[in-house]
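Novice: Quick one: the structure is below, questions incoming.
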Amino acid sequence: MVRVSQKVIDHMLKEPPRRPTLPLPVFSDEVLERLNMPGLNAAMARAAAAYKRCVDLDADILRQYRAVGYADVEEPVTDDDEVAASARRTKKKPTTRNKK
């Protein structure tokens, strides 16, 4: 878990996250075939789902802040993060592969 900085929370309170007022349009498969865009509805559904995850995260941050005065969020750990953490533990700089 990572604590959300007060600067970010202050910005969110000053300018609350905006919500879309209209849903994304859905076109018939027939129309998309004629426009040579057969995957558009699926792409728009993925974009809408990603946007909803962002909206939900923003709402959760503000809910936590109002409840306890701070907010924590989960941050995925990548291989690069693990290498950097390991380097800090051994006090060595991480090395990169294929260095020329």
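Novice: Restricting to segment 1-55, and then to whatever is modelled with pLDDT of 85 or more and touching a helix residue (DSSP H, G or I) at 6+ places or on another chain (Cβ under 7 Å), can you tell me which residue is farthest from Val73 (Cα to Cα)?
Specialist: Met12
Novice: For Tyr70, which of the numbered conditions (1) in a helix (DSSP H, G or I); (2) modelled with pLDDT of 85 or more fails to hold?
Specialist: (1)
Novice: Quick one: Ala84 ticks every box in (1) part of a helix (DSSP H, G or I); (2) modelled with pLDDT of 90 or more bar one, so which box is it?
Specialist: Just one mismatch for Ala84, condition (2).
Novice: Which one is nearest to the chain's Cα centre (by Cα) among residues in segment 26-72 that are farther than 30 Å from Leu13 by Cβ and acidic (Asp, Glu)?
Specialist: If we take residues in segment 26-72 being farther than 30 Å from Leu13 by Cβ and acidic (Asp, Glu), then Asp29 is nearest to the chain's Cα centre (by Cα).
The values are calculated or read from the model by the stated rules, or taken from the named source; none is laboratory data. A quick note: this is a predicted structure, and the numbers were derived from the prediction, not measured. Here the Cβ is made from the backbone with ideal geometry for all residues, glycine too, and neighbour counts use every protein chain on show.
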